[in-house]
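Scroll down for the structure; my scribbles are underneath it.
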Amino acid sequence: VPQHVWRINLDTPEEAHQNLSFGAADRWWEQTDLTKLILASNKLQSLSEDVKLLPALTVLDVHDNQLTSLPSALGQLENLQKLDVSHNKLGSVPEELTQLPHLKSLLLHHNELTHLPEGFGQLVNLEELDLSNNHLTDIPTSFALLVNLVRLNLACNQLKSLPADISAMKSLRQLDCSKNYLETVPSEIATMASLEQLYLRRNKLRSLPEFPSCKLLKELHAGENQIETLNAENLKHLNSLSVLELRDNKIKSVPDEITLLQKLERLDLANNDISRLPYTLGNLSQLKFLALEGNPLRTIRRDLLQKGTQELLKYLRSKIQDDVPSPAGEPPPTAMTLPSQARVNMHAITSLKLLEYSEKQAAVIPDEMFDAVRSHPVTTANFSKNQLSEVPPRIVELKDSVCDVNLGFNRISSVSLELCVLHKLTHLDIRNNFLTSLPEEMEALARLQIINLSFNRFKAFPSVLYRMGALETILLSNNQVGSIDPVQLKSMDKLGTLDLQNNDLLQVPPELGNCSTLR
């Protein structure tokens, strides 16, 4: 740092010697002492002890330099409120730094600190402390004295534990301990009444603490740990929680008490070992995002997971009644046993209203399947995973009852007009076929809410879709679609989900921002 920077308060400006006709604005003898000095993003390897010649400094910013140490004279800057020494190469912090009575913000992230001075707790006015991305293995117990601290960032260090005294930080709202080696969290954390955001991602936690006093906690991030159980006790006090992120753990089940979290907006349980969900999850009225992929869910079909959060919640709500056990004494209904050679499952047709002929590698659907449903209306037809080269012509016979048709994983290259007369259709799945276009006659499917056209050969967005006003979900991933028309999309006032990943779009039209129904 040039020497005259340190002496700026002491030296008379050079102009004073040359120019004696001062205007009122530049009378150097009325100059006040320097209060802010910003030396960021230079190549400084050291700071001079002469920093003490600037006692009025309130802000000193030397981030992004090559400092390996700090001058002890910093301790004399008693007016300093903000010190930013982040992104340097500091191995330690001088003890004198802890004598700054008015310091409110201390940024030390991205250095090479292995320890902190024991007297750290003397910085009693500190409100923001960032120590992330260092090599700290522990925290001084005097941290407990930082009662005005609001934000504490300890992420990306080598901490194996947190001192229980941390709970004395009564003003703490945000605590980030991501990417450390924590195996437990002190139970005292449960008494931190001001805590709003707690980040514990990427540690070695096997369980979550209970949070009886954390009534204000809004976000809890604990993904990428080894958490196996989620107890009612962990959750039941968190009435303000809006984000619960537990992805990439080993959680086996979700307690029914999760429905107590009535303010929950985001729930991420991806990549766990969850096999069943409480259907009452559907009653979380604020939930906008629910991630469940990568779980061995037995009760939920995989295609349902791809339809988005709202569809999933609708499905869970529809199941709440079914969950009620039947009164004792009534034997459970048994499926009719049929001779094994019979291909037609009459039980499925009569009680489930399902016509199924899938995974048979068949080139056509046998007539006996359609003959069997003449007197029994079916709502679902599943002909997926065969070798069909066209939509079965006799599907037209189901037109007065069928709502859900699955023709996925076949070899169909065009949609026939027979499909276009199924006027009750709400779900149509034709993924993994050879389609390149859709007929304009599909406009007649006025009730169609969900269409899955993924993994086909569309080069353009099928224009007929723009005119199908009931569509809520269009899945068109893994095609070769080159463009979309956001103006026509905007008129689709029910469309909540549009999936165009893995296509040939060169740009995302900014007008998509006007399609306000997209969730």
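Only residues that are assigned to a loop (DSSP other than H, G, I, E, B) and either touching a helix residue (DSSP H, G or I) at 6+ places or on another chain (Cβ under 8 Å) or more than 14 Å from Leu145 (Cβ to Cβ) (or both) were counted across segment 104-126, and they come to 12. Looking only at residues in segment 507-517 that are over 23 Å from Asn456 (Cβ atoms) and part of a helix (DSSP H, G or I), the one that is least open to solvent (accessible area, probe 1.4 Å) is Gly513. Might you let me know whether segment 196-204 holds any residue that is at pLDDT below 95, basic (Lys, Arg), assigned to a loop (DSSP other than H, G, I, E, B) and out of contact with any Lys or Arg (no Cβ under 8 Å at 6 or more places or on another chain)? Looking for residues that are at pLDDT below 95, basic (Lys, Arg), assigned to a loop (DSSP other than H, G, I, E, B) and out of contact with any Lys or Arg (no Cβ under 8 Å at 6 or more places or on another chain), one finds none in segment 196-204, hence no. Within the set Asn153, Asn111, Asn134, the sole residue that is touching a His at 6+ places or on another chain (Cβ under 8 Å) and in contact (Cβ under 8 Å) with a residue 40 or more places away in the chain turns out to be Asn153.
Scanning segment 382-428 for residues that are assigned to a helix (DSSP H, G or I) and buried (at least 22 other Cβ atoms within 10 Å of the Cβ) turns up Leu398, Leu419. For segment 214-228, the criterion of being open to solvent by 20 Å² or more (accessible area, probe 1.4 Å), under 19 Å from Val150 (Cα atoms) and polar (S, T, N, Q) is satisfied by no residue at all.
Listed by position, the strands (runs of 3 or more DSSP E) contained in segment 429-506 that have at least 1 residues being open to solvent by less than 40 Å² (accessible area, probe 1.4 Å) and more than 28 Å from Tyr315 (Cβ to Cβ) form an empty set. All of Ser454, Ser463, Ser491 fail the test of being touching a Phe, Trp or Tyr at 6+ places or on another chain (Cβ under 9 Å) and of a type in the set (Ser, Thr, Tyr), apart from Ser491.
Of all residues in segment 205-241, those satisfying the criterion of being of a type in the set (Asp, Glu), at negative phi and not in a helix (DSSP H, G or I) are Glu210, Glu219, Glu228. Within segment 100-120, the set of residues being open to solvent by 50 Å² or more (accessible area, probe 1.4 Å) and farther than 21 Å from Asn133 by Cβ comprises Pro101, His102, Lys104, Glu118. State the number of residues belonging to segment 235-253 that are touching a Pro at 6+ places or on another chain (Cβ under 9 Å) and buried (at least 20 other Cβ atoms within 10 Å of the Cβ). Result for segment 235-253: 1. Scanning segment 142-158 for residues that are over 12 Å from Met169 (Cα atoms) and either open to solvent by 60 Å² or more (accessible area, probe 1.4 Å) or in a loop (DSSP other than H, G, I, E, B) (or both) returns Leu154, Ala155, Cys156, Asn157, Gln158.
This table checks each residue for (1) farther than 19 Å from Leu34 by Cβ; (2) basic (Lys, Arg); (3) part of a helix (DSSP H, G or I); (4) open to solvent by 70 Å² or more (accessible area, probe 1.4 Å).
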| position | (1), (2), (3), (4) |
| --- | --- |
| Pro55 | no, no, no, no |
| Ser92 | yes, no, no, no |
| Thr98 | yes, no, yes, no |
| Ser132 | yes, no, no, no |
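Is it the case that Arg266 is touching a helix residue (DSSP H, G or I) at 6+ places or on another chain (Cβ under 8 Å), charged (D, E, K, R) and over 16 Å from Gly496 (Cβ atoms)? Criteria not met by Arg266. Summed over segment 359-381, residues that are open to solvent by less than 20 Å² (accessible area, probe 1.4 Å) and closer than 17 Å to Leu419 by Cα total 4. Summed over segment 266-289, the residues that are touching a residue at least 24 places away in the same chain (Cβ under 8 Å) and either crowded, with 16+ Cβ neighbours inside 10 Å or assigned to a strand (DSSP E or B) (or both) give a count of 16. Residues that are assigned to a loop (DSSP other than H, G, I, E, B) and closer than 12 Å to Ser105 by Cα within segment 57-85 comprise Thr58, Leu80, Gln81, Val85, listed in sequence order. Kindly indicate whether Leu316 is open to solvent by less than 20 Å² (accessible area, probe 1.4 Å), of a type outside the set (Gly, Ala, Ser) and assigned to a helix (DSSP H, G or I). Against the criterion (open to solvent by less than 20 Å² (accessible area, probe 1.4 Å), of a type outside the set (Gly, Ala, Ser) and assigned to a helix (DSSP H, G or I)), Leu316 qualifies. Of all the criteria given as (1) more than 20 Å from Leu172 (Cα to Cα); (2) at pLDDT 95 or above, the one not satisfied by Pro117 is (2).
The values are calculated or read from the model by the stated rules, or taken from the named source; none is laboratory data. Because the structure is a prediction, the values reported are computed rather than measured. Glycine gets a Cβ as well: all are built from the backbone with ideal geometry, and neighbour counts include every protein chain shown. All accessible areas refer to the heavy atoms of the entire protein, side chains included, with ligands and DNA or RNA removed. Shrake-Rupley method; radii C 1.70, N 1.55, O 1.52, S 1.80 Å.
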